[in-house]
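Reading through the structure tokens given below for one structure.
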Amino acid sequence: MRLLIVVPEQNRETGNWVTAMRLADGLESCGHRLAVVGVAIDSGAPLQRVRQQFDPDAVLLLHAFRSGRPWLESGLKPVPVLVLLTGTDVNQGLDDPTQEAVINQVFVSAKFILLQNRKLIEVLKCRRPELGHKIEYLPPGVSLGNAPYPVRRQLGLDDDRALLLCPASVRPVKGVVELLELGDQLALCRDDFHLACCGPLLAGDYAHRFLREIEGRCWASYLGVIPHDAMASAIGSANLVLNNSFHEGLPNALVEADALGVPILARDIPGNAEVVRNGENGLLYSSAESFVSGAQQILDQPCWRSDRLASEGDVVNWREVERLDALLRSIAD
């Protein structure tokens, strides 16, 4: 089957693109032919150009609104559509009048509506019970690269200083500025940690504020964008992986941290709670007080860190690809 994956045009190290390329690599190994195209929210032109070179049997939209709107406006021939929803689609888009109409059109045209978070499936079924027969759970996948990234050496950290790593794009929904404010509270209790943020700068004013705020804190650094092939190395160097997002679908960085046995401290939202088994592979927090107490507990008890899933080489979870392959073959049949 020829599958076209449509992704919002943005930095290739963002979660949408990491997911798209992981799916493309896996599906190609199953015999499918793949094309991946990035689209701007206001233009279906890239899709029209791809149409001249690649005649898809099916389309997978990553992001119902940001990929769905260009697809709907492209005027391409009807083909079976699958849509993989993001946390933004469910948590924000359905409540935004400018997005809801587009998302509903995508839902109507979609053969399958995919989510990688069982908690969000229940939310969507509750809000849109008529879609229940289309909704499918896609098990989360993980692909860990093996490129080195000597983050501790880059930051000049000695072995007894804890590294807190926050892999997230810099935009308001990810809460990275607010994470620095939580770090202020932790810094009142201890001075043996360093917080490092990494990810693309996506929101202009918010990104500028983030850079100003982090420059004024000696215990925090911005690493820039770490290539995904080196993210496992960076995560594996950390004592603790953080996520302070206000909304998530299923954060790749937390799935990777879990696979690597690195403990997680994350805001208590459905997207994070799908990954964090509270008290087992990490802790969830809902306030500054629970953030500080959670960080203290994990940093003071080394037993939180488990054996790594793999010490070297690529690690791939194939359940995700196997399920998507089965859905595509059901369309072909």
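Give, rounded to the nearest 20 debye, the magnitude of the charge dipole that the chain has about its Cα centre when Lys and Arg contribute +1 at Cβ and Asp and Glu contribute -1 at Cβ.
On the way: 32 positive and 42 negative charges, 172 e Å.
The calculated dipole for the chain is roughly 820 debye.
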| note | Dividing the helical contributions, -39500 (n - 2.57) per DSSP H run of n ≥ 4, by the residues of the chain yields a 222 nm value, nearest 500 deg cm²/dmol, of -12000 deg cm²/dmol
| Where the only charges are on Cβ atoms (+1 Lys, Arg; -1 Asp, Glu), what is the dipole of region 145-304 about its Cα centre, to the nearest 20 debye? | 320
| task | State whether region 145-304 is rounded, prolate or oblate according to the following rule on the C-alpha gyration tensor (a ≥ b ≥ c being the square roots of its eigenvalues): a/c under 1.5 gives rounded; otherwise a/b larger than b/c gives prolate, and the remaining case gives oblate. | result | rounded
| request: Quote to one decimal, in nm, the extra length available between Ala35 and Leu155 on full extension: 0.36 nm per residue of separation minus the C-alpha distance between them. | output: 39.4 nm
| Of Gln154, Pro97, Val123, which is farthest along the charge dipole of region 84-179 in the positive direction, counting Lys and Arg as +1 and Asp and Glu as -1 at C-beta? | Val123
| request: Determine ³J(HN,Hα), in whole Hz, for all residues of region 231-237 in sequence, where each value follows from phi through the Karplus function 6.51 cos²θ - 1.76 cosθ + 1.60 and θ = phi - 60°; x replaces Gly and Pro. | output: 5, 4, 5, 5, 5, x, 7
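Stretch Cys218-Glu73 to full length: gain in nm at 0.36 nm per residue minus the Cα-Cα span? Walk me through the intermediate numbers first.
Values: separation 145, 0.36 × 145 = 52.20 nm, distance 4.84 nm.
Computed gain between Cys218 and Glu73 is 47.4 nm.
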| query | Hey, quick one: spin label on Ala332, modelled 7 Å out along Cα-Cβ, who in region 49-73 has an amide N within reach, i.e. under 13 Å? | reply | 57-58
| message | For a Förster distance of 22 Å, can you work out the FRET efficiency between the beta-carbons of Arg323 and Phe54, rounded to the nearest 0.05? | response | 0.40
| Whichever aspartates and glutamates have a C-alpha closer than 15 Å to that of Lys119, once near sequence neighbours (fewer than 8 apart) are set aside | Asp89, Glu136, Glu248, Asp268, Glu274
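For Cα pairs less than 8 Å apart in space and 6+ apart in sequence, what is the mean separation divided by the residue count of region 145-304, i.e. the relative contact order in percent? Write down the numbers at each step before the final one.
Details: 284 pairs, mean separation 38.6, N = 160.
Contact order relative to length: 24 percent.
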| region 1-63 versus region 109-135: alpha-carbon centroid distance in Å | 22
| In nanometres, what is the gap between the two model label sites at Cys126 and Ala288, each 7 Å from Cα along Cα-to-Cβ? | 3.0
| query | Which ³J(HN,Hα) values, rounded to whole Hz and listed in residue order, are derived for region 134-142 from phi using the Karplus coefficients 6.51, -1.76 and 1.60 in 6.51 cos²θ - 1.76 cosθ + 1.60 with θ = phi - 60°, glycine and proline given as x? | reply | 9, 6, 10, 8, 10, x, x, x, 8
| remark: Reviewing (i) 62; (ii) 35; (iii) 49, the figure for percent of Cα pairs over 30 Å apart actually calculated from this model sits under (ii)
| Cα centroid distance between region 67-86 and region 137-202, in Å? | 35
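Read-outs throughout are calculated quantities, based only on the coordinates presented, and are distinct from any laboratory measurement. Everything quoted here is computed from the prediction, not taken from an experiment. Note that each Cβ is placed from the backbone with ideal geometry, even for glycine, and that neighbours are counted across all protein chains shown.
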